[in-house]
Amino acid sequence: MSQYGDTSVTDLNNRYEQAKSARLRYEPDWMLNRAFFEGEQWVLYSAGQLRAPYIDPRRQLVTDNRIKPVVTSRVARKAKNRPMFSATPQGADDSAIDAARIGERVLENDWEQLHLHPKLFTALLWADVCGNSFLKVYWDRTKGEQIQYLKGEDGQPLVDDFGRPLTPAQLPPEMMADIQVGQIAQGDVCVEVKTPFEVYPDPLATDMTDCEWLIDETIRSVEYVRKHFPTDVSGQPFEPTADSDIPETPGQGWLQSGQLYSGATSGYKGVRVREYWCRPNTQHPNGWYAVWANDTLLVAEEPFDPMPYVKLNSTETPGRFWCRAITSDLRGPQQDLNTIRTQIKENARRLGNPALMKSRQANVRYQGVPGEEIEYDSTVQDPTPSYLQPPAIPVYVENEVERIEKSIEEISGMHEVSRATVPTGVTAASAINLLQEADETRIGPEIQQMEYALGQLGTKILKLRASFNTDERLLKVAGEDGNWDISAFKGEMLGSDPHVEVQAGSQMPRSKAAKQAAMTEVLGLLVQYGVAVDERNMRKFLKDYEVGGLDRLFEGITEDAKQCNREHRLLIEGQIDPLPINTFDNHEFHIAEHTEFQKTHRYWQLPPDAQQRFTSHVMAHRAYMVQMVNQQVEQQSQEQTAGQEQDANMEIQVDRAKEAAKAEFAQNGATNGNSAA
C-alpha cells in the first residue's frame with residue numbers, strides 16, 4: 001500500500017487521519033467561539049474538550065453577550081440583498097445569448113426552490129463564528145418527482161444509449177409482457193451547508209483552488225444510507241449499521257445547560273459516512289470519488305464534479321486554508337467586559353448589603369439586615385455596632401466598560417451608524433453617510449469573496465442541470481412580474497458549458513430609505529416634466545420601491561401577461577388548434593406580447609407548424625380588432641344617419657308648427673277686424 005493511495009478503505013482512512021491531524025490545532029478556537037456565541041462565556045478548553053472552571057457558588061457571574069448581536073448583524077448586512085446572477089454567453093450567436101438568459105432565470109428560480117437564501121445565511125453565520133463554512137452542491141438521484149421505469153432481471157433500471165432510464169411509453173405494448181415496471185425519482189440539485197467540523201481538506205492546501213483532495217465526514221441516519229447506497233462497490237447489497245453517537249457538534253463534546261458533557265447524546269445513533277473527493281491527477285485523470293461507511297467501500301468512481309464545494313470566509317488569512325473568525329478577535333474584549341461587569345455587580349451588592357462590625361464586648365444581638373458579621377476586639381467600652389463601608393469602585397474601572405465597547409466596535413466594524421444611531425456631535429447628513437459608507441467598506445472584501453463563491457455555486461448548479469436534466473420536465477422558471485414563461489425545460493437549453501457570475505457590488509448593503517428617497521425624486525421629476533411611463537415599467541418601479549400593495553395598482557397588466565404566456569405554451573404545444581379569440585381579450589396587449597415573442601430566438605427554433613399557429617393567432621387578433629373597428633364605424637354611421645333623419649323630422653315638425661301658427665294668427669286677425677267693424 002502506498003502512502004498516497006486512495007483506492008481502498010485503509011488508504012482512505014490513512015488520508016483522513018492525516019487531514020484530521022493537520023486540522024486539530026484549529027478546533028479549540030472553533031469550539032470556544034461557538035460557546036461564546038451561544039452565551040457560554042465562562043469556559044476554557046482543556047484536554048480536547050470545553051470545561052467550566054471552578055467558581056465560588058456564592059459569586060454571581062455576569063455574561064453580557066455582545067458577540068451574538070454583532071455576528072448576526074454582520075451576517076444580516078452581508079445577506080441583506082439577493083445576488084444578481086449574470087450568465088456569460090458561450091458565443092455570439094442568438095442561441096448562446098438565449099441560453100445565457102435561460103440560465104439566469106433558472107438560477108432565479110433555484111434561489112427560491114432550493115432555499116438558497118436561508119442556507120447562505122447559515123453558512124455565513126458559521127463563517128463568522130468559526131471562520132469558515134462550505135456549500136456543497138451535487139446531483140441527488142433520490143430527489144424529484146417519481147416516474148415509472150423499466151427494470152431488468154437484476155432489478156436495475158434499463159437505460160438507453162445515453163444512460164437514461166427507459167420508460168413504459170418508449171416500448172410498444174407487445175414488448176411489455178415480460179418486463180417489470182418500477183418507480184424511480186427524476187433527481188434534482190441538492191445544496192448542503194457544511195460546517196468546518198465536517199470537512200477535512202488537503203493539509204498542503206492554502207485555498208480551495210489548490211486543494212487537491214478533500215474528505216467530508218457526516219453522520220447520517222440508517223435510512224438515508226440505505227436509500228442512497230443500497231449496494232457496495234462490488235454490487236453486493238449493503239445493510240448499514242448505526243455505529244456513531246450524534247452529539248450536538250459532529251465528533252465534539254459540548255455544553256448543555258451550563259454543564260459540560262463529552263460525547264453525551266440522546267442515545268440515537270447514526271452511520272458515520274465519509275466521502276472522498278479528488279481532483280484530476282496522474283493516478284486519476286478525471287478525478288476520483290469514494291464513499292465508505294462501516295469499513296465498507298460503497299462508491300469508487302469518476303465524479304461529474306471532482307470538487308463540488310465552495311468556501312465562505314470570515315477574515316482572510318494569507319497563505320492559510322483555515323481563516324480566522326471575527327469571533328476569535330471579540331473573545332478577549334468580551335471576557336474583559338464580563339469580568340468588569342461582574343466586579344461592578346459584586347461591589348454593588350456589597351454596598352447594598354455591607355458587612356456589620358460588631359464588638360464582642362458590645363453584648364448586642366443583631367438580626368435585622370442579612371449580611372456578613374465581623375467580630376473584633378474593641379478597646380472602647382460598650383461600642384455600638386457599625387457597618388463596614390467597602391471602598392468605592394475607581395472611576396477608571398467604570399470607564400473601562402466604555403473603552404471595551406469601543407474596542408468591540410472597532411474590531412467588528414459595527415459603529416453607531418451601523419446600528420441606526422447617530423454619533424454624538426455629528427449632525428451633518430454627509431458626515432453620517434461617510435461614516436456609514438466606511439462601515440460598509442470594512443466588510444467589502446468579505447462580500448467580494450462571497451460574490452465570487454456564489455458565482456461558482458451558480459455555475460455548478462447550471463452545469464448539473466445541463467448534464468442531468470436530460471428528460472423534459474416542468475420546471476418553474478419565474479419570468480418578469482411573477483409569470484411562468486418557460487414550462488418545458490431541458491438541460492440542453494443551457495448550452496454545453498454554462499458559466500455565471502454575481503454582479504460586483506450587488507450584495508453590498510444599501511439603505512432602503514435612501515433608495516426610496518432617490519426613486520421618489522426621480523418619479524417626481526418624471527411627473528413634473530410630463531414624461532410618460534409605460535404601465536408595465538411603472539409596476540416594476542413600484543415593486544422595487546418595496547412598499548407592499550403599490551404595485552397592485554397595475555395588477556391587471558399582470559393578468560394579461562399571464563394569459564399571453566399561457567397562450568404561448570398552448571401555441572407551442574399545439575394542444576388547441578386554432579386557439580380561440582375571446583371577447584374579453586386585451587387585443588392590443590396580446591398583439592404586442594405575441595409579436596415581441598416572435599422576435600426572439602426561441603421563436604425561430606420552433607417547428608414551422610408552431611410558427612404558423614403563432615402567425616394565424618396574431619392575424620386573428622388583428623382581424624378581430626379590424627372587425628371591432630368596422631362595427632364601431634358602422635354603428636357610428638347608423639347613429640349619424642339616425643340623427644340626420646331625426647333632425648329632418650324635427651325640421652318638418654317645426655315648419656308645420658310655423659304654418660299652423662301663421663294660419664291661426666291670420667284667422668285671429670280677421671276675426672278681430674270684423675269685430676271692430
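The values are calculated or read from the model by the stated rules, or taken from the named source; none is laboratory data. Quick caveat: nothing in here was measured; it's all calculated off a predicted structure. Because the Cβ atoms are built from the backbone with ideal geometry, glycine has one as well, and the counts that use them run over all protein chains shown. Only protein heavy atoms, including side chains, enter the accessible area calculation; ligands, DNA and RNA are left aside. Shrake-Rupley method; radii C 1.70, N 1.55, O 1.52, S 1.80 Å.
So, R0 is 51 Å and r is the distance between the beta-carbons of GLN612 and THR441; what FRET efficiency does that work out to, to 0.05? It would help to have the intermediate numbers written out before the result.
Details: r = 58 Å, r/R0 = 1.13.
The calculated FRET efficiency here is 0.30.
Whenever you get a sec, line up GLU402, GLU492 from highest to lowest accessible area (probe 1.4 Å, protein heavy atoms).
On the way: GLU402 110, GLU492 140 Å².
The most accessible residue leads, giving GLU492, GLU402.
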DSSP loop trypsin sites (Lys or Arg not before Pro) in segment 565-672 with at most 12 other Cβ atoms within 10 Å of their Cβ, which ones? LYS599
Could you sort PHE121, PHE584 by their accessible area in this structure, using a 1.4 Å probe and putting the largest first? PHE584, PHE121
Accessible surface of TRP126 - all protein chains present, 1.4 Å probe, nearest 10 Å²: 50 Å²
Taking the Cα centre as origin and putting +1 on Lys and Arg beta-carbons and -1 on Asp and Glu beta-carbons, what dipole magnitude results for segment 30-114, to the nearest 20 debye? 820 debye
Keeping all protein chains in the complex and leaving out DNA, RNA and ligands, what accessible area do you get for THR206 with a 1.4 Å probe, in Å² to the nearest 10? 60 Å²
Karplus ³J(HN,Hα) for segment 70-77 (6.51 cos²θ - 1.76 cosθ + 1.60, θ = phi - 60°; Hz, whole; x = Gly/Pro) runs 5, 5, 5, 5, 4, 5, 5, 5
Let me know the shape class of segment 5-77, please: from the alpha-carbon gyration tensor, a ≥ b ≥ c as square roots of the eigenvalues, rounded when a/c is under 1.5, otherwise prolate if a/b is greater than b/c, or oblate. oblate
Segment 560-619 and segment 630-663: distance between their alpha carbon centers, rounded to Å: 48 Å
In what order, largest first, do ASP655, ASP188 sit by accessible area if the probe radius is 1.4 Å? ASP655, ASP188
Round to the nearest 10 and report in Å² the accessible area of MET619, as given by a 1.4 Å probe over the protein chains' heavy atoms. 120 Å²
I want to make sure I understand the PRE zone here: with the label point 7 angstrom from the Cα of VAL397 toward its beta carbon, which residues in segment 329-343 have backbone N atoms less than 17 Å away? 336-343
Expressed in angstrom, Rg and Dmax over the Cα atoms of segment 581-661 are 24.2, 82
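Please give me, ordered by residue number, the trypsin sites (Lys or Arg not before Pro) of segment 21-130 that lie in loop per DSSP and have at most 15 other Cβ atoms within 10 Å.
ARG58, ARG59, LYS80
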Here, chymotrypsin sites (Phe, Trp or Tyr not before Pro) of segment 298-351 satisfying both criteria (DSSP loop; at most 15 other Cβ within 10 Å) are none
Compute the relative contact order of segment 77-224 as a whole-number percentage, counting only Cα pairs closer than 8 Å that sit 6 or more residues apart in sequence. 22 percent
Radius of gyration, Dmax [segment 1-150; alpha carbons; angstrom]: 23.5, 78
Here the residues of segment 204-227 lying in the modelled label zone of GLN180, meaning backbone nitrogen under 16 Å from a point 7 Å along Cα-to-Cβ, are none
Using a Förster distance of 30 angstrom, determine the FRET efficiency expected from the C-beta separation of GLN146 and LEU171, and round it to 0.05. 0.95
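With a 1.4 Å probe and all protein chains left in place, how much of the accessible area of segment 181-244 comes from carbon and sulfur atoms, in whole percent?
That fraction is 50 percent.
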Please report the spacing between the Cα centers of segment 44-66 and segment 85-133 in Å, no decimals. 43 Å
Förster-model FRET efficiency, 35 Å R0, ASN65 and ASP243, C-beta, rounded to 0.05: 0.40
